[in-house]
Structures are given as structure tokens and as C-alpha cells.
Amino acid sequence: MLLSIQLATAQYYTNKRHENKNNPNYDQRKKLTYGFLIGLHTTAYQIKYSDAFVTPAFDSVYSVDPEWKQGFVLGFIVNYKVAEFLDLRITPQVAFYEHQLAYRYLRTTGQPTNEQVIETTMVELPILAKYQSIRRGNFRMYMIGGVKPGIEASGKKELDAITSRLSVREFNLALEGGVGFDFYYPLFKFSPEIRFSRGINNLLKDPNNPFGQPLSRINTNTITVYLVFQ
């Protein structure tokens, strides 16, 4: 009798939780789902000095300092359910970046700082794996990670050819990882998430101009907060 009462009580609360769920069959209804995202990011270059930086030719330059700058992202989501707790996600997106390097000189040169600002519009295609927890009511958390290739779409080759400025490559490849939370509503699913992106290829394009010679490598570091709607 006690066992029957316990089973009945457990079934009652299970049904009650199911009744209170918004869109209870959302994750089982379709293998393929779609959505869109917007994001705000802060980004900075990570640099490595070249051997030429310590030569007499650059004795007036005592540091090159990356500075963090803000930007935003707009994109779409194609999400495929691989297993109960594993999804594969592709998110074609357009990202607007601004990177800045401050070249600091000795005071005797009369030019204490020269700031090189690189503005880029990147078309990116992150390919991500999403590993998620059990859904509890209208909430679940997840981890997400993968690769993010991107190519510049703003077309500044003509500007690079006629001006003396820091020149960077048009293609970037980054590793990306982060965490997020799914919130289920009656008509949609809302997922805020935060990701860290680390570029793995060298973006320095012209190491022979005055701003490229002190450097041997440039990589990107980006922290992005996404708002995802599905």
C-alpha cells in the first residue's frame, strides 16, 4: 500500500511538471530546427614580437599594445539533433569587428603614439557541437564548442595598396567554446550564451611595412554574448 501511494504521488508530480512545461515536446518534435541570433562582442589582437623589434632600427618603438574594442554579430541558426543530448549547429553570420594596435614611441621622437585601427566585416560560418543537460521544467543548460572560419567581405585591398598601414589577411580560423542556457516559452526557445573565440592562424599579411616589421604573429581573441531565438 505504501509503495502504491509513493508511485501514485511520483506520477502525480511528474504529470504536474509536464503540464507546467512550455512546449514540452519541442526537442522531440523535429530533428532540424531554425532560428536567428544577435550578439555583442569585445575583441583584441594578440601579438608576438619579431626579432627585428629588438634591433637598432626600432629603438624608438618601445611597445605595441593591443586594445579591446566592441562590435556586433547578426546571423541565422540551423540546428540538427544528433542524439538525446547532442546537437550539431551551423550558424552563418556577419560580424563587424574593430581592432586597434597602439604603437608607442619614445618621447624624443615627437610622436608618442600611433594607433592603427583595422575595421573588418567578416562573413563567418561557425560549426559547433552542443552538449546539453536534462531539461528541468522550462530550463536546461548546455556547453557548446567547435571551429569558426571567416572571410573578410569589406574589400580593402585598394586601400592597403595606396596607404602605409598595418596589413592583415582576409581569412581567419578560430576555435570557439562557451556555455549557455535554454529557456522554453510557449512559442519559442530563448538561449543566452557566452563564447570565447581564439584565432589559430597568423593574420599578419605584410611583415615588411613599417607597422608589420616589429611583429611576427597576430591572432584574435574575442568574447561574445549571444542572444539566440529558435
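The values are calculated or read from the model by the stated rules, or taken from the named source; none is laboratory data. Predicted model only: the values in this text are computed from it and were never measured. Backbone-built Cβ (ideal geometry, glycine too); neighbour counts: all protein chains shown. The protein model used for the area step is the full one, side chains on, heavy atoms only, and it has no ligands, DNA or RNA in it. Shrake-Rupley method; radii C 1.70, N 1.55, O 1.52, S 1.80 Å.
Please state, as a whole number in µm²/s, the translational diffusion coefficient that the Stokes-Einstein equation yields for the chain at 20 °C and 1.002 mPa s, with Rh defined as the Kirkwood radius across alpha carbon pairs. Approximately 104 µm²/s, per Stokes-Einstein. Once the 1.4 Å probe is applied to the protein heavy atoms, the chain comes out at 56 Å² accessible per residue. Distance check, please: which entries in K48/K69; K21/K148; K48/K130; K69/K148; K69/K205; K69/K189 exceed 28 angstrom between their Cα atoms? Result: K21/K148; K48/K130; K69/K189 exceed 28 Å.
What number, in percent, do you get for the relative contact order of the chain if the mean sequence gap of Cα pairs under 8 Å and at least 6 apart is divided by its residue count? About 22 percent, as a whole number. Largest accessible area first, the residues D206, D182 order themselves as D206, D182 under a 1.4 Å probe with ligands, DNA and RNA left out.
Taking Cβ atoms as reference points and 11 Å as the exclusive limit, the residues near V64 contribute a net charge of -1, counting Lys and Arg as +1 and Asp and Glu as -1. Taking the accessible area of segment 57-100, probe 1.4 Å, and keeping the other protein chains in place, the carbon and sulfur fraction comes to 67%.
Taking label positions 7 Å along the Cα-Cβ direction at both M141 and S63, the computed distance is 3.7 nm, reported to one decimal.
The amide H of F72, built 1.01 Å from its N in the peptide plane, has H41, F96 as neighbours under 5 Å, considering only residues 5 or more places off or on other chains.
Relative to the longest principal axis of the Cα atoms of the chain, helix 2-19 runs at roughly 50 degrees. Averaging Cα coordinates gives a centre for segment 46-97 and one for segment 162-193; these two points are 10 Å apart.
Computed from the C-beta positions of N22 and F72 and an R0 of 22 Å, the FRET efficiency is 0.15 to the nearest 0.05.
Across all directions, the shadow cast by the convex hull of segment 117-230 built on its C-alpha atoms averages 8.3 square nanometres.
Overall, the chain carries a charge dipole of about 1060 debye about its Cα centre when +1 sits on the Cβ of Lys and Arg and -1 on the Cβ of Asp and Glu, all other atoms neutral. Its convex hull of Cα atoms gives segment 31-145 a direction-averaged projected area, equal to a quarter of the hull surface, of 10.3 nm².
Surface listing: K205, K30, K21, K148 arranged by accessible area from highest to lowest gives K30, K205, K21, K148, probe 1.4 Å. Ranked by solvent-accessible area (1.4 Å probe, protein heavy atoms only, all chains present), the residues M122, M141 order from largest to smallest as M141, M122.
Dipole size of segment 23-108 about its Cα centre, with +1 on Lys/Arg Cβ and -1 on Asp/Glu Cβ: approximately 360 debye, rounded to the nearest 20.
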